[in-house]
Amino acid sequence: MAYPVTVSVEPLLRNRNKLTTAFRLILGIPHWILVGGIGFLVSWRASTSTSLGGQNGVLGYVAFLLAIVSWFTLVIGAVHIVAIRQFTTFYMRWRARALAYLMLLEDAYPPFGDAPYPASIEIVDPPTRDRLTIAFRIILAIPHFFVLFFVLFAWWITTVVSWFAILFTGAYPEGLYGFGVGTLRWLLRVECYMLLLVDEYPPFSLD
C-alpha cells in the first residue's frame, strides 16, 4: 500500500533561472523564518521531533507545541483535535513548497500560505489512531534520525555541486535532482510522522 504522505515535485531540469539560483538562500529568508529550512545536524533535544537540525521556523515551533498537546489527546482519548490537525497540515503544505524552492528543485517563488505550486504534499487522514506507537513516537523514529543524518549530509554536498552546475550550464544534473527530490520526500514523511499526522511507519526510501 502507498504511504499516506505523498510528496510530488514537477521536474525542472533545464532552462533554470541562474540569477535566482545564485541568490536562493537570500531570497528564501522570509520562508526560512516562517516554516524553516533543512539541516544535517541531528539535535537530540525536543526540537528533533519536528526537524533535523531544529530548523523549523516560527510556524514549525507552533506545530511542535501543538504536537505535544496532540500527544496527550491521542494517547488518552485517541482524538486529534481538528483545528490542530488543520494547522499542522497547513504548515506542512507550506513547508513542502518552501523546501522545494530552497533545495533548488523549483525556480518559481513559493506562495505565502496555500496556493498552487509545482511542489506539493498530500496527507491522508488515518482511519483509526494507534495510541501505542504514538506513545513511543520519538523512540520509534530514532533509526530515521540516524539514517537521515547521512542522507542530508550527502544532499548538502550534491546540492553544492548542482548549484555550480546550474550557474554554469543552466541545468540541474538529472541524477542529483532525483536524489534531492527523494531527500525531500523522506524528510517530510518523517516530519509528518513526528507531528502525529500519520501513524504508519515511514519507509527507509527515497521513492
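Computed from the coordinates by the stated procedures, all read-outs in this text should not be read as laboratory data. Treat the numbers as computed from the prediction; the structure is a model and nothing was measured. With ideal geometry, Cβ positions are generated from the backbone for all residues, glycine too; neighbour counts draw on all protein chains shown.
Please determine whether any residue of the stretch 153-161 is part of a helix (DSSP H, G or I) and within 14 Å of the chain's Cα centre (by Cα). Yes, there is a match, as at least one residue in the stretch 153-161 is part of a helix (DSSP H, G or I) and within 14 Å of the chain's Cα centre (by Cα). For the stretch 13-38, a tally of residues being aliphatic (A, V, I, L, M), in contact with a Gly (Cβ under 7 Å, 6 or more places away or on another chain) and not in a helix (DSSP H, G or I) returns 0. Say we look at the stretch 98-135 and pick out the residues that are in a loop (DSSP other than H, G, I, E, B) and among the small types (Gly, Ala, Ser); which of these is nearest to HIS31 (Cα to Cα)? Looking at residues that are in a loop (DSSP other than H, G, I, E, B) and among the small types (Gly, Ala, Ser), I get GLY113.
Out of everything in the stretch 129-166 that is polar (S, T, N, Q) and closer than 22 Å to GLY182 by Cβ, what residue ends up being surrounded by the fewest Cβ atoms within 10 Å (Cβ to Cβ)? Filtering the stretch 129-166 for residues that are polar (S, T, N, Q) and closer than 22 Å to GLY182 by Cβ, the one surrounded by the fewest Cβ atoms within 10 Å (Cβ to Cβ) comes out as THR158. Taken over the stretch 72-83, the residue count meeting the criterion of being surrounded by fewer than 19 Cβ atoms within 10 Å (Cβ to Cβ) and assigned to a helix (DSSP H, G or I) is 7.
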